[in-house]
Amino acid sequence: MLVDIQNLKIGFKSRTGFHQAVKGVSLKLGTEKLGIVGESGSGKSLTARALMKLLPKSTVIEADTLAFDGIDVLSASERQMRQIRGKRAGFILQDPKYSLNPVKTIGAQVAESWRTHKGGSRREALEAAVNLLEQVQIRNPQVVAKSYPHEVSGGMGQRVMIAMMLAPDPELLIADEPTSALDATVQAEILRLIEELVAERGMGLLLISHDLPLVSHFCDRVMVMYSGRVMEELKASELLSAKHPYTRGLLNCMPSLIHPKDRLPVLARDPEWLK
Amino acid sequence: MNAAFRTWALSEAPSSRRQAAWGNRYRAWLNLKGNPLGMIGLTIISIFILMAIFAPLLATHDPATQELANRLAAPNAAHWFGTDELGRDVFSRILYGARVTLGMVIAVVVLVAPIGLAVGCIAGYFGGIVDTALMRITDIFLAFPRLVLALAFVAALKPGIESAVLAIALTAWPPYARLARAETLTVRNSDFIAAYRLTGASSWRIIFRHIAPLCTPSLIVRVTLDMSSIIITAASLGFLGMGAQPPSPEWGAMIATAKRFIFEQWWVPMIPAIAILLVSLAFNFLGDALRDVLDPKGN
Amino acid sequence: MLSSVILTLFGLTVLTFLIGRVMPVDPVIAAVGDNAPEDVIIRARAEMGLDQPLPIQFLHYLNQLAHGDFGMSVLTKNPVATDIARFFPATFELATAALLLSIVIGIPLGVWAAVRQGSITDQAIRVLCLAGHSVPVFMLSMISLLIFYSALGIAPGPGRQDIIYDGMIEPVTGLLSIDTLIAGDLDAFWDALTHMAQPVIILAYFSMAYIARMTRAFMIDALKGEYVITARAKGLTGLKVVWSHAFPTVAVQLITVIALTYAGLLEGAVVTETVFAWPGIGQYLTTSLMNADMNPVVGSTLLIGFIYVGLNLLADILYRLLDPRVQ
C-alpha cells in the first residue's frame with residue numbers, strides 16, 4: 001500500500017477562530033489510478049498537500065493514520081520528508097505560469113530535480129534534463145532547456161513540470177488539477193501523456209480535479225469530496241450508477257450534446273450530507 | 001453600552017451604511033489593539049501631544065529663566081532632567097520643545113498632504129501631458145535626498161522655524177503625489193467613476209469629491225510613517241543650526257547648543273536626543289501597525 | 001527612459017539655479033563689501049552677469065556647468081569643482097563602505113525575518129529596523145563617541161586619520177583605506193580603518209534597516225509563490241528553497257532598493273561628517289551653509305542630485321539586463 005490515510009483532519013487558526021477545512025478523510029492507494037473530485041474548497045488539494053507535508057506550519061493536521069509506504073508522515077522529520085518528496089512521490093501543480101521558477105532556465109530546474117536525488121555532475125544532470133524533456137514529447141529539448149518559463153506555452157510548461165517530477169523516478173505521481181489552467185485541446189494531450197508515463201513506469205497516480213467525467217475517464221477509482229468530507233467512493237466504470245445525491249447532482253449539471261436540456265439544473269446542497 | 005456597541009458594530013448583516021462603516025472601523029481598532037508595537041506607539045504619541053498641550057501646567061520652571069550659578073546640573077529633585085549650559089531647566093524646555101516639534105510636524109503635514117493629494121489625483125485623472133508634466137516635476141524633487149534639499153532651501157531663505165517648515169514641506173510632497181497618482185489610476189476607469197461622469201459631474205467634482213477621498217486611507221498610513229522622517233529632518237536642521245534657532249527649546253537646537261558637553265555632562269545633549277528618538281520611534285511603530293491594519297496587502 | 005533622465009537632470013539644474021538666486025544675501029554686496037561705492041557695485045554686478053534677465057543668467061550658468069565650472073567658493077578661495085574633487089572621495093569612501101556592510105547584514109536579516117514571519121525573531125528584527133529608521137544619525141554618532149572614544153577609549157576620536165599620519169600618505173584614489181595600502185603602510189591603513197569604523201557602522205545601521213525591511217517585504221511575497229511549493233515538492237532543503245529559488249526572484253528588485261539606499265547614505269553622511277569632523281562633501285556643504293557661501297551649496301547639492309539620478313538609471317539598466325522576465 002503506497003498511501004494510507006485514515007480520518008485526516010486539517011484546520012487553520014485565524015484571529016477570529018478556528019476553521020476546519022478537512023473533516024475526516026480516509027483513503028488507500030496502491031499502484032493504481034485514483035481520482036479525487038470536488039468543487040473548490042472541498043479539501044481535495046489540502047489532502048494531497050498534507051500527505052507531502054507541504055502545508056504552512058500554522059496548519060493543524062490530525063489523523064489516525066497518514067502514511068506513505070508505511071512511513072508515518074505526521075511524525076516524519078523534514079529530512080525524512082525530503083526522501084519522499086520528489087524522490088518517491090512527484091507533485092504536479094496546477095498552473096506552470098506560477099509553479100515554475102520565473103528566473104531559472106527550464107533546463108536548470110529539471111536538472112536540479114535530477115541531481116538532488118541522483119547526484120552526479122552538473123553536466124550529467126543537464127544531459128539527463130534534456131533527455132527527460134524529450135520523454136515528455138517536447139520536440140526541440142535543447143532549445144527549451146535554455147529558455148525561461150515565460151517563454152513557453154502553458155501546455156509546454158506543464159510538460160516541463162511533469163519531466164521535473166519524473167526525473168528521480170518516483171513511485172507515485174500526485175497531480176493537483178494539472179490541466180485546469182490549460183486550453184481544452186491541450187488538456188487531453190497532457191492527460192494522455194500522464195497516463196502513458198504512469199503506465200510505462202508502473203507508478204501510482206493521484207489525480208485531483210473538479211472535472212468528474214475527465215477523472216472517471218482516466219482513473220480506476222473515483223472519490224467524490226464535498227466540504228472536507230468524502231461523499232462517495234466508487235469504481236470509475238460504475239460512475240453512472242452513483243448513489244449519492246451529490247454525485248448524481250454533479251452528473252446532472254453536465255451539459256450534454258446527445259440529450260440537450262433547455263436549462264442546466266442547479267445543484268441542490270443538503271446539510272444532511274455533512275452529518 | 002460597550003457590549004451593545006460591539007455586537008452592533010460586528011454584526012454580520014449590517015442594516016445601514018453607517019453600521020457597516022462603524023463595523024469596519026471597530027474591526028480595524030481591534031486589529032490595532034492586537035498589535036503591541038502599535039499600541040506602544042499610540043501611547044507615546046498621546047503622551048507627547050498631552051505634554052505639548054499642557055506644557056505650561058506641567059512645567060516645573062520657566063523654560064527661559066537662566067540660573068547661571070546652577071549650570072549643567074545633573075538630574076536632581078529640583079531639576080528632574082538637570083539644567084543646561086545657561087542653567088535653564090531641561091525638563092521644562094523638553095515640554096515646551098514638544099510644542100515646537102508638534103507645531104512643525106502639523107504645519108508640514110497641513111501643507112504637504114493636500115498638495116500631494118491634489119497633484120497626484122489631477123495627474124492620475126487627466127493623464128497624458130498633464131500627467132507627464134506633473135510627474136516630471138515630482139521626479140525632480142524626488143531626486144534629492146530630503147535633508148540636502150531642505151538645507152539648500154533653508155540657506156536660500158534664512159535659518160529659522162518657518163523656513164525649516166517650508167523647506168521640509170517642499171521636499172516632502174512628492175511621495176504623496178506618487179501615491180495619490182497610483183491610487184487614482186486604479187479607480188479612474190472603474191464603472192462608478194464613469195457613472196458620475198454620465199450624470200454630468202465635472203472633472204473637478206469627480207476628483208475632489210470621489211477620487212481624493214478614496215486615496216485618503218493610504219495617505220494617512222504614509223503620513224504616519226513619514227512623521228518620524230519629518231521629525232528627524234526638522235531635528236537635523238536644528239542640529240546643523242539651520243532650523244529653529246536658540247533660545248528656542250526645539251529639541252534639535254537644544255542638542256546643537258549642548259553637543260560640546262557630550263563628554264562631560266552627557267545628559268544635557270542626550271535628553272533631548274532621547275525625546276526625539278522616542279517620538280519618532282512611536283510614529284514608526286504606529287505607522288507600521290496602521291499599515292498592517294488598513295492595507296493588509298501592502299506590507 | 002533616457003529622455004526622462006535628461007529632463008530630470010535639466011529640472012535639477014533649474015531648481016538649484018533658482019535656489020542660488022533667491023538667497024537672502026546679495027552676492028554682489030557679499031563680494032565687494034557693504035560699504036563699496038555705488039559705481040563699484042554696478043560694475044561688479046555687470047561682471048558677475050547679475051544685471052541680466054534670469055533666463056540669460058541661466059544660460060550662462062548652464063554654459064559654466066558644461067565646462068565643469070561651479071563658480072568660486074568665498075570661504076576656501078578655491079573653485080568649487082576643485083573643492084568637490086578634494087572632499088568627495090572621503091564621502092565616497094564612507095558611504096560605499098557603509099553600503100557594503102549594510103548589504104551583507106541587511107539582506108540575510110530581511111530574508112531571515114521573512115522566513116520566520118510572525119515569530120519572535122521577526123518581531124525583534126522589525127523593532128531593530130524601525131529603531132534604525134527612528135534614531136537620528138547625530139544621536140547615534142554622539143553616543144558612539146561618548147562610549148567608544150570617551151568612556152572606553154577603544155575607538156579613535158573624530159577625523160579621518162591620526163595627526164601623525166597627516167600628509168604622509170600620497171593621495172592616489174583619494175580613498176585613504178586604499179591609498180595607505182598602495183603606499184604599503186599597514187599602520188596607517190589600520191589607523192584609517194579604525195577611524196572609519198564608527199561613522200561607517202552608524203551609517204550602515206541606518207541603511208541596513210531600510211534594506212532589511214524591503215528584503216523582508218519582497219521575500220514574504222516571493223515565499224507565497226507556487227514555485228516555492230514546487231521547489232519543496234522536489235525535495236530540496238529549506239536553505240535551497242529560500243536562497244536558490246525564492247531569493248533570486250527578488251534579487252533584481254533589491255538592486256533598485258540599494259541604489260536608493262546609497263542616496264540616503266549621502267544624506268546621512270551630511271550629519272555624520274559634521275559630528276565626526278570627517279572632511280567630506282557633507283561637511284563642506286554644512287560649513288558653506290553656515291557662512292552663506294552659496295556656490296559650494298548649489299554645487300554640492302547639484303552633485304548629489306546628479307549622483308542620485310545616475311544611480312537610478314544604473315539600477316534601471318541592471319534591472320533590464322539581469323531579469324529574464326524583462327524583454
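The values are calculated or read from the model by the stated rules, or taken from the named source; none is laboratory data. Given the structure is predicted, the values throughout are model-derived calculations rather than measurements. Here the Cβ is made from the backbone with ideal geometry for all residues, glycine too, and neighbour counts use every protein chain on show. SASA here: full protein model, heavy atoms, side chains in, ligands and nucleic acids out. Shrake-Rupley method; radii C 1.70, N 1.55, O 1.52, S 1.80 Å.
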Roughly what would the spin-label model give for C:Met290 and A:Phe12, points 7 Å off Cα along C-beta, in nm? 6.0
Could you name the aspartates and glutamates whose alpha carbon sits less than 14 Å from that of B:Lys33, not counting residues in the same chain fewer than 8 places away? B:Asp288, B:Asp292
Where the centroid of each part is defined by its Cα atoms, how far is the range C:213-270 from the range C:13-89 in Å? 47
Calculated FRET efficiency for the pair A:Ala199/A:Glu151, C-beta based, R₀ 30 Å, to 0.05: 0.45
Reported to the nearest 10 Å², B:Trp266 has, with a 1.4 Å probe, an accessible area equal to 120
Estimated buried accessible area (total), pair C and A, 1.4 Å, Å² to nearest 100: 2100
Taking the Cα centre of each part, how many Å lie between the range C:276-322 and the range A:130-197? 53
When the Kirkwood radius is taken over all Cα pairs of chain B, what Stokes-Einstein diffusion coefficient follows at 25 °C and 0.890 mPa s, in µm²/s? 114
What shape does chain A have by the C-alpha gyration tensor, where a ≥ b ≥ c are the square roots of the eigenvalues, rounded means a/c under 1.5, and otherwise prolate means a/b greater than b/c and oblate the rest? oblate
For the range C:175-233, listing trypsin sites (Lys or Arg not before Pro) in a DSSP loop whose Cβ sees at most 12 other Cβ atoms within 10 Å gives C:Lys224
Normalised by the number of residues in the range B:99-293, what is the relative contact order in percent for Cα pairs under 8 Å and 6+ residues apart? 24
Theoretical ellipticity at 222 nm over chain B - DSSP helices of four or more residues, -39500 (n - 2.57) apiece, nearest 500: -23500 deg cm²/dmol
Helix-only mean residue ellipticity at 222 nm for chain C, each DSSP H run of n ≥ 4 adding -39500 (n - 2.57), per residue, nearest 500: -24000 deg cm²/dmol
Summarise the accessible area of the range B:149-229 (1.4 Å probe, protein heavy atoms) by the percent that is carbon and sulfur. 62
Over the range C:1-135, average the accessible area per residue using a 1.4 Å probe and give it in Å², no decimals. 53
The correct ranking of B:Leu142, C:Leu181 by accessible area at 1.4 Å, largest first, is C:Leu181, B:Leu142
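Accessible area per residue, 1.4 Å probe, Å², for chain B: what's the number?
That works out to 45 Å² per residue.
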Mind listing, in residue-number order, the residues in the range C:99-130 that have at least 10 Å² less accessible area with every protein chain present than in their own chain alone (1.4 Å probe)? C:Gln123, C:Arg126, C:Val127, C:Leu130
Short version: which residues of the range B:132-159 lose at least 40 Å² of accessible area, all chains versus chain alone, 1.4 Å probe? B:Arg136, B:Ile140, B:Ala143, B:Phe144, B:Pro145, B:Leu147, B:Val148, B:Leu151, B:Ala152, B:Ala155, B:Ala156
So what is the relative contact order of the range A:144-209, in percent, for Cα pairs below 8 Å that sit 6 or more residues apart? 41
At most 14 other Cβ atoms within 10 Å and a DSSP loop assignment: could you name the chymotrypsin sites (Phe, Trp or Tyr not before Pro) in the range B:14-55 that fit? B:Phe54
With a Förster distance of 41 angstrom and the Cβ-Cβ distance between C:Asp34 and B:Ala64, calculated FRET efficiency to the nearest 0.05 equals 0.80
Whole-percent carbon and sulfur contribution to the accessible surface of the range A:75-154 (1.4 Å, no ligands, DNA or RNA) stands at 47
Measure of exposure for C:Ser3: accessible area at 1.4 Å probe, Å² rounded to 10, is 80
If I ignore ligands, DNA and RNA and count only protein heavy atoms, how much of C:Glu170 is accessible to a 1.4 Å probe, in Å² to the nearest 10? 130
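Quick one: order C:Thr261, B:Thr132 from most to least accessible surface, probe 1.4 Å. Mind showing how you got there, number by number?
Values: C:Thr261 10, B:Thr132 80 Å².
Greatest to least solvent exposure: B:Thr132, C:Thr261.
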Relative contact order as a percentage, chain A, C-alpha pairs under 8 Å and 6+ apart, gives 23
For the pair C:Thr194 and C:Ile6, what calculated FRET efficiency results from E = 1/(1 + (r/R0)^6), where r is the Cβ-Cβ distance and R0 = 51 Å, to the nearest 0.05? 0.75
Check: C-alpha center the range B:32-64 vs C-alpha center the range A:10-36, spacing in Å is 51
Ordering B:Lys158, A:Lys87, A:Lys33 from largest to smallest accessible area (1.4 angstrom probe), what's the sequence? B:Lys158, A:Lys87, A:Lys33
If you roll a 1.4 angstrom probe over the protein chains with everything in place, what fraction of the accessible area of the range C:258-327 belongs to carbon and sulfur, to the nearest %? 64
Take the residue pairs A:Lys13/A:Lys104; A:Lys23/A:Lys261; A:Lys33/A:Lys146; A:Lys97/C:Lys224; A:Lys53/A:Lys87 and return only those whose Cα atoms are more than 25 Å apart. A:Lys13/A:Lys104; A:Lys23/A:Lys261; A:Lys33/A:Lys146
Using only the Cα atoms of the range A:185-275, build the gyration tensor, take square roots of its eigenvalues as a ≥ b ≥ c, and label the shape rounded, prolate or oblate: rounded if a/c is under 1.5, else prolate if a/b is larger than b/c, else oblate. oblate
Calculate the spin-label point distance for C:Leu186 paired with A:Arg139, positioning each point 7 Å from the Cα along the beta-carbon direction, and give it in nanometres. 6.7
For chain C, which DSSP H helices look membrane-span-like by this rule: Cα extent along the axis of 20 Å or more and mean Kyte-Doolittle of at least 1.0? C:2-21, C:80-115, C:247-276, C:294-322
Mind checking how much accessible area C and B bury in total, 1.4 Å probe, in Å² rounded to 100? 4000
